[in-house]
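Report on the following structure.
The values are calculated or read from the model by the stated rules, or taken from the named source; none is laboratory data. A quick note: this is a predicted structure, and the numbers were derived from the prediction, not measured. With ideal geometry, Cβ positions are generated from the backbone for all residues, glycine too; neighbour counts draw on all protein chains shown. Keep in mind that these areas ignore ligands, DNA and RNA; they rest on the heavy atoms of the full protein, side chains included. Shrake-Rupley method; radii C 1.70, N 1.55, O 1.52, S 1.80 Å.
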Amino acid sequence: MVSILQTAFELGLISSLTVLALFLSYSMLNVCDLSTDGCFTLGAAVGAVVALAGHPFLSLPAAMGAGVLSGFVTAILQTKMGIDSLLAGIIVNTGLYSINIWVMGGASLLNMNKTATVFTAMKDLLRDTTFSGYYKTIVALLAVFVIVVFLGCFLRTRLGLAIRATGNNPDMVRSSSINPAFTTIVGLCISNSFTALSGCLLAQSQKSVNIDIGSGMVTIALASLLIGRAFAGKGGIIKRAVGAVIGAIVFRIVYAAALRFHMPAFMLKLVSSVIVIAAIAGPYLKSRYPELHRRLTHKYGKREE
Amino acid sequence: MLSIRHISKTFNPGTLNAKTAIQDLSLEVADRDFISIVGSNGAGKSSLFNAIAGSFFTDSGSIHLDGEDITLQPEYIRARKIGRLFQDPLLGTAPGMTIEENLALAAGRGGWFSHITKEDRNLFRERLALLNMGLEDRMQQPVGLLSGGQRQALTLMMATFNPPALLLLDEHTAALDPATAEKVLELTKNIVETNGLTCLMITHNMQSALDLGNRTLMMNQGGIIYDVKGEERQHLQVSDLLILFREAAGKNLDNDRMLLSE
Ligand SMILES: Nc1ncnc2c1ncn2[C@@H]1O[C@H](COP(=O)(O)OP(=O)(O)OP(=O)(O)O)[C@@H](O)[C@H]1O
Ligand SMILES: [Mg+2]
């Protein structure tokens, strides 16, 4: 039971990096980045290939760099090429499928059973200490900590403020003499580097990467983000970022619990879809309720004189 | 200062919906001019501002600001020299961000990676206090919580934080209640005077068109049909302006629905 919880916690932490990516693109820039699935796999594939080549530490920046490139392409398509932002994400996602297989040398599965990764490095470091059983958790915690602190600082800089304002009111950004196309490009490059890092860490923690590793990630991350919003509400940046992380962990723990109660594993994606629908449609329907109520209670007929 | 030479702009050219919003318009604005602009709905007033601010490029002609040719400069670059307010108080601020964060963006102090410093905060507080709306004590609140009048006053403050070479006001008090409108107008006057700004202001209020500033333009069908300043303007009454308005607009006046207030 404890180990199930611990695994869920680790998975939550690792996927929370993707949730933080969406926190930046979806909550801040107001762009729903549908290239997330492909970018997650890209990070996993690039990270695995670099680790397999014997560079466990280089694998993280390499994966993030690949994510930056992918985000750059998505951003250029929507800011400079007149392609709708949703469509730009879908197009890049599709293209990435081929690129990911190419990165993996034509295979759709890579094994890292005997490969040195950041996780094995941490395992070696913690050997014979009380924390030796927690090496994965520690790596994931470190990564999440660094990214949350980075976001907390970055979103308060002038560039960070401009990125937040871009999703809020692009006209206002322009009148502050900042090009919203520029802030969108920077924002998507950063968010995609988080997504790729997330994929890289997941692949290394499960010691394999498969071409479908990222499928459905965007919905899962969105579900986590919206759960997190329910926890953190509308506080400051750090609070909301931590909320996103908590959302990711809660999502994984609830999912693990559901598995214990014999929910089949293949239900994961349906569950994430339902959560996203409920989180977005719920408030909308709630706001429409008075109108609905009025319709149902209004009596049609002759005016009573 | 601002020199507009023979600009024209047609929307949807070559289609049934073709609409010439500005037609061969020329205008010379002197340093520290405060010009009020009146004209019926659809006269092209906002289009003129859009052309100056760079929301679109004109089809022909040229625009120079402080001797620099800005005819084809992108909007966000021109924004360094041009501040702008719209009728809708929601347009000028980011509602999800705090007053302080909005001001920081408008102030644009420091590099890309600079944070808001204590010194910045003191400066913001000082400037907000000038608005007399108590906003200096609410700097950590999101702008979305402010009323329309407060937001418009804040936008005015932001647009003039670094005094722009040119300030464009497009019916910026039209959505406010009379008392608030008066207050924002008063603020406008103060800010323009203390900073010695050059300012163009569109209004449908004939009285404030004559009260404020040193020169008044009337626009019709994409052109300037009346331009008055100095002595002549001092003797001008609202009723004279209305007569001119009617004369100029001529026959299409009967068909146009005009929003005029005396
Ligand atoms: N983006 C656009 N596309 C098509 N037509 C436009 C566009 N913007 C303005 N127009 C047209 O140009 C003409 C001038 O519009 P403009 O907004 O400049 O008028 P205005 O003088 O500001 O009027 P109002 O007093 O109602 O604000 C109008 O006929 C309008 O329909
Ligand atoms: Mg207008």
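Computing FRET efficiency as 1/(1 + (r/R0)^6) for B:Ala129 and B:Asp88, where r is the C-beta to C-beta distance and R0 is 30 Å, gives about 0.70. A simple rule links phi to the HN-Hα coupling: the Karplus curve 6.51 cos²θ - 1.76 cosθ + 1.60 with θ = phi - 60°, which for the range B:143-158 gives 4, x, 7, 7, 6, x, x, 5, 5, 5, 5, 5, 4, 4, 4, 5 Hz, with x for Gly and Pro. Between A:Thr130 and A:Lys269, the modelled labels are 4.4 nm apart [label points 7 Å from Cα along Cα→Cβ].
For the range A:2-262, the fraction of 1.4 Å probe accessible surface lying on carbon and sulfur atoms is 67 percent. Taking every alpha-carbon pair within the range B:158-256, the share separated by more than 16 Å comes to 62 percent. Computed from the Cβ-Cβ distance with R0 of 30 Å, the FRET efficiency linking A:Lys80 to B:His64 stands at 0.60. Chains B and A together bury roughly 2100 Å² of accessible surface, counting both sides and using a 1.4 Å probe on protein heavy atoms. Ligands, DNA and RNA are left out, and with a 1.4 angstrom probe the accessible area of the range B:1-111 is 42 Å² per residue.
For the residues of B:101-114, the average number of beta carbons from a partner chain within 10 Å of their own beta carbon is 5. Ignoring ligands, DNA and RNA, please state the percent of accessible area on the range B:95-163 from carbon and sulfur, probe 1.4 Å. Its accessible area is 51 percent carbon and sulfur atoms. Across the range B:1-147, the fraction of Cα-Cα pairs farther apart than 24 Å, rounded to a whole number, is 48%. Think of a 1.4 Å ball rolled over the protein heavy atoms: the range B:167-235 then has 43 Å² of accessible area per residue.
Counting, for every residue in B:88-100, the Cβ atoms of other protein chains within 10 Å of its Cβ and taking the mean gives 4. The modelled label-to-label distance for the pair A:His262/B:Ser55, using points 7 Å beyond Cα in the direction of Cβ, is 6.4 nm.
For the peptides B:55-63, B:101-109, residues were scored by their other Cβ atoms within 10 Å and the scores averaged per peptide; the highest-first order is B:101-109, B:55-63.
Each peptide among B:219-226, A:12-19 gets the average number of other Cβ atoms lying within 10 Å of its residues, and from highest to lowest they stand as A:12-19, B:219-226. For a modelled paramagnetic label at B:Asp24, 7 Å from Cα along Cα-to-Cβ, the residues of the range B:43-65 in reach, with backbone nitrogen under 17 Å, are B:59-62.
Summarising the label geometry, the points placed 7 Å from Cα in the beta-carbon direction at A:Cys153 and B:Ser114 lie 1.8 nm from one another. The order of B:Trp112, A:Trp102 by accessible area, most exposed first and with a 1.4 Å probe, is A:Trp102, B:Trp112. Here the range B:176-252 and the range A:118-169 have alpha carbon centers that stand 58 Å from each other.
The Rg/Rh ratio of the protein assembly as shown, with Rg taken over Cα atoms and Rh as the Kirkwood radius over Cα pairs, comes to 1.08. Measuring with a 1.4 angstrom probe and ignoring ligands and nucleic acids, A:Thr79 comes out at about 40 Å² accessible. Shielding value for A:163-173 is 6, the average number of Cβ atoms from other chains within 10 Å of each residue's Cβ. Solvent exposure of B:Asp137, expressed as accessible area, is near 120 Å², computed with a probe of 1.4 Å over the protein chains only. So what's the Cα pair-distance distribution over the range B:79-183, bin width 5 Å, in %? So the P(r) values, bin by bin, are 2, 13, 23, 25, 22, 10, 3, 1, 0.
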